[in-house]
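Only one structure is covered here, and it is reproduced in the block below.
The values are calculated or read from the model by the stated rules, or taken from the named source; none is laboratory data. Treat the numbers as computed from the prediction; the structure is a model and nothing was measured. A quick note on method: Cβ atoms are made from the backbone with ideal geometry, for glycine too, and the neighbour counts reach across all protein chains shown. Remember, those area values only see protein heavy atoms, side chains included, never the ligands or the DNA or RNA. Shrake-Rupley method; radii C 1.70, N 1.55, O 1.52, S 1.80 Å.
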Amino acid sequence: SYTNLRNAILYSSSYKSDYYQRIATKQHSNSNSWNISGKAGKSIGWNKLTLSINGEYGSNHYQLLISDTPADFKLRNAQMGISIAYHPLDFLSIEENSSLNFNHQESKETSISSHLRYFSHDLAVYIMPGHWQIEWKNELYHSNDKTVNTSYFSNLSVSYRKKEFEMGLMCNNIFGTTRYDRRYLDNYEQIYSITRLRPRDLIVHINFDL
């Protein structure tokens with residue numbers, strides 16, 4: 001894909017009285033970006049195993065106002081991932097997704113350069129014997145940015161289902177993680193996201209079909 005944006009309004013930013021303010025100016029700029037992505041997968045008859053790999057690369061050229069002067073910027077994004085789905089038994093299924101993500105923003109005119117490399121992993125296990133269903137989901141995020149904590153979550157749920165009713169027990173955040181840190185790079189800013197969580201909770205639910 002390719003996108004060309006012409007005569008886009010440039011904004012000036014300032015920090016006043018504990019908040020950031022962005023104001024449209026009379027200056028304009030042009031930007032262009034392109035992106036390429038692909039995915040390939042293969043099913044293997046051995047125990048219903050499916051493997052797939054995916055990749056993506058994109059580049060965006062644009063301008064920002066630095067001290068009321070337009071400056072050229074470039075943001076590059078790359079992602080490589082692998083997915084595995086394994087279904088060895090009728091009542092057992094395992095799914096795993098891992099990806100390496102890379103972001104690099106630079107401006108030669110202002111000597112600004114920042115980069116971020118992070119990994120994300122998701123693992124889900126489903127056990128479904130008879131009327132029972134057990135789900136165990138895990139998520140791991142870690143980065144080269146030492147100011148951002150490694151984040152790991154694990155949720156477990158057990159349910160018993162019949163046509164007339166369903167009941168179950170859910171345990172969220174099994175290991176009591178209290179915060180979830182992420183960092184993002186986009187065209188205009190670096191974003192640190194910190195989500196506060198309750199250490200752990202148990203939920204019992206019962207549903208009836210009347």
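Considered as a group, the residues in segment 25-58 that are in contact with a Phe, Trp or Tyr (Cβ under 6 Å, 6 or more places away or on another chain) and open to solvent by less than 80 Å² (accessible area, probe 1.4 Å) include one that is nearest to residue 71 (Cα to Cα), and that residue is 31.
Filtered by the rule that a residue be within 29 Å of the chain's Cα centre (by Cα) and open to solvent by 100 Å² or more (accessible area, probe 1.4 Å), segment 1-10 gives 1, 2.
Checking each residue in segment 67-85 for being over 22 Å from the mean Cα position of the chain (by Cα) and open to solvent by 60 Å² or more (accessible area, probe 1.4 Å) picks out 67, 68, 69, 72.
Scanning segment 162-210 for residues that are of a type in the set (A, V, I, L, M), open to solvent by 40 Å² or more (accessible area, probe 1.4 Å) and in a strand (DSSP E or B) yields a total of 9. Scan segment 126-144 for residues that are closer than 15 Å to residue 94 by Cβ, over 20 Å from the mean Cα position of the chain (by Cα) and in a strand (DSSP E or B) and the total you get is 5.
Spot the failing condition for residue 126; the list is (1) modelled with pLDDT of 90 or more; (2) open to solvent by 70 Å² or more (accessible area, probe 1.4 Å); (3) of a type in the set (Ser, Thr, Tyr), and only one is missed. It is condition (2) that residue 126 fails. The lone criterion from (1) open to solvent by 50 Å² or more (accessible area, probe 1.4 Å); (2) part of a strand (DSSP E or B) left unmet by residue 147 is number (2).
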